[in-house]
1. Go through (1) open to solvent by 20 Å² or more (accessible area, probe 1.4 Å); (2) modelled with pLDDT of 95 or more for LEU127 and report which single condition fails.
2. Which condition does VAL199 not pass, out of (1) assigned to a loop (DSSP other than H, G, I, E, B); (2) at pLDDT 85 or above; (3) open to solvent by less than 30 Å² (accessible area, probe 1.4 Å), if it passes all the others?
3. Can you tell me which residue in the range 134-166 is farthest from the chain's Cα centre (by Cα), limited to those that are closer than 16 Å to ALA205 by Cα, in a loop (DSSP other than H, G, I, E, B) and small (Gly, Ala, Ser)?
4. With respect to the numbered conditions (1) in contact with a Lys or Arg (Cβ under 9 Å, 6 or more places away or on another chain); (2) not in a helix (DSSP H, G or I), which one is the sole condition not fulfilled by PRO68?
5. Restricting to the range 301-318, name every residue that is modelled with pLDDT under 95, under 14 Å from ALA342 (Cβ atoms) and not in a loop (DSSP other than H, G, I, E, B).
6. Name the single residue, out of those in the range 24-36 being in a helix (DSSP H, G or I) and open to solvent by 60 Å² or more (accessible area, probe 1.4 Å), that is nearest to GLY164 (Cα to Cα).
7. When you look at GLU76, is it without any contact (Cβ under 8 Å) to a residue 60 or more places away in the chain, surrounded by fewer than 16 Cβ atoms within 10 Å (Cβ to Cβ) and part of a helix (DSSP H, G or I), yes or no?
8. Looking at LEU95 and the list (1) touching an Asp or Glu at 6+ places or on another chain (Cβ under 7 Å); (2) open to solvent by 40 Å² or more (accessible area, probe 1.4 Å), which single condition is not satisfied?
Amino acid sequence: MLDKLKKLEEEYNALEAELGDPAVLADAARFREASRRYAELGEVVRTFREYRKAQEDLEQARELAGDPELGEMAREEAAELEVKLAELEKELEVLLLPRDPADAKNAIVEIRAGAGGQEAALFAGDLFEMYTRYAERLGYQVEMLESHPTDLGGFSKVSFMVMGPGAYGVFKYESGVHRVQRVPATETQGRIHTSTATVAVLPEAEESDVELDMNEVRIDVMRASGPGGQGVNTTDSAVRVVHEPTGIIITIQDSRSQIKNREKALSILRSRLLEMKRAEEEAALRANRLAQIGTGERSEKIRTYNFPQSRVTDHRIHFTTHNLEGVLAGELDELTEALKKADQERMLEELSGQAQNA
């Protein structure tokens, strides 16, 4: 591990010098890539330097341990430094874990109402509000892609893009079936109902990620239907994209611009094709998706929102919080960190097992 850390520090120093080079500053693409890599290495190099400094301090403390005047103080300091070194070593192991290259991308989030009729659609609307507030709290931008609102204010389906560095890495843990237990607004007898909504999170695919053969894509233009305002409904702005080899169909009608709807539909198509490609590659390698701590199936129930007990439980990691109101207001940091930590621990166990079997 130390050899790898030294090489990363050398790369970090070289990038630091490179970013001050006028030739690099004049090359936008080169400067952007160097800046991205420099920022990526920053945390691991800073932690490594702190680890190395703690090692030096520990050596000095051990040398002074036999001193008649400073010995007791030196031994106490040595004990504290040993604990600190163990913590820093664990932190470095986590920082050196392989990263999913998709983590840095924008995220496309799709929410569909599941079992429960109108109540499921209302719950889908609650999840949409929760995620948009969470994204805004983190400084991300949210762009609506597709929406199918219902009469009571929920959604049968809604999809949107979360834009900003690392958006997919934050939202990827939300894929799966979300379950709500509460008394619906339409319930006259006060009975608690259980409803579901399905969430799918995809990394946004760039054109370089997926080679899209437009000869295999059919694009239909039609008049937008349903809620959306008179300006949308009186123009032929809706776009339906059909990928004939896979049968994937995407319909976008939220924008008045046919061109914008076409771009959004093709972006979603690329992202779905990228996700299919990633799933096939990982299945061939018999690897679990980093984003999935459970079985990885979209049909898996991952989380329950229980209103009578003000409780949110993530079933993948057996994590429970009684801050239901805060979670629905977009305070998902605690849940995300717990899921991220569990994922890292699983990866460390897998790497340890691979090393023992090697």
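The values are calculated or read from the model by the stated rules, or taken from the named source; none is laboratory data. These numbers come from a predicted model, not from an experiment. Every residue, glycine among them, receives a Cβ derived from its backbone with ideal geometry; neighbour counts consider all protein chains shown. With ligands, DNA and RNA removed, areas are computed over all heavy atoms of the protein, side chains included. Shrake-Rupley method; radii C 1.70, N 1.55, O 1.52, S 1.80 Å.
1. Only one criterion is unmet by LEU127, namely (1).
2. It fails just one condition, (1).
3. Of the range 134-166, the ones closer than 16 Å to ALA205 by Cα are 143, 145, 159-166.
Imposing the further condition that a residue be in a loop (DSSP other than H, G, I, E, B) reduces the set to 164-166.
In the following step, the residues that additionally are small (Gly, Ala, Ser) were identified as 164, 166.
Values: GLY164: 11, GLY166: 7 Å.
Within the range 134-166, the match that is farthest from the chain's Cα centre (by Cα) is GLY164.
4. (1)
5. Passing the criteria: only ILE302.
6. Here is the first cut: in the range 24-36, the residues in a helix (DSSP H, G or I) are 24-25, 28-36.
Applying the additional criterion that residues be open to solvent by 60 Å² or more (accessible area, probe 1.4 Å) yields 25, 28, 30-33, 36.
On the way: LEU25: 23, ALA28: 19, ARG30: 20, PHE31: 19, ARG32: 15, GLU33: 16, ARG36: 13 Å.
So the residue we want is ARG36.
7. For GLU76, the condition - without any contact (Cβ under 8 Å) to a residue 60 or more places away in the chain, surrounded by fewer than 16 Cβ atoms within 10 Å (Cβ to Cβ) and part of a helix (DSSP H, G or I) - is met.
8. Condition not satisfied by LEU95: (2).
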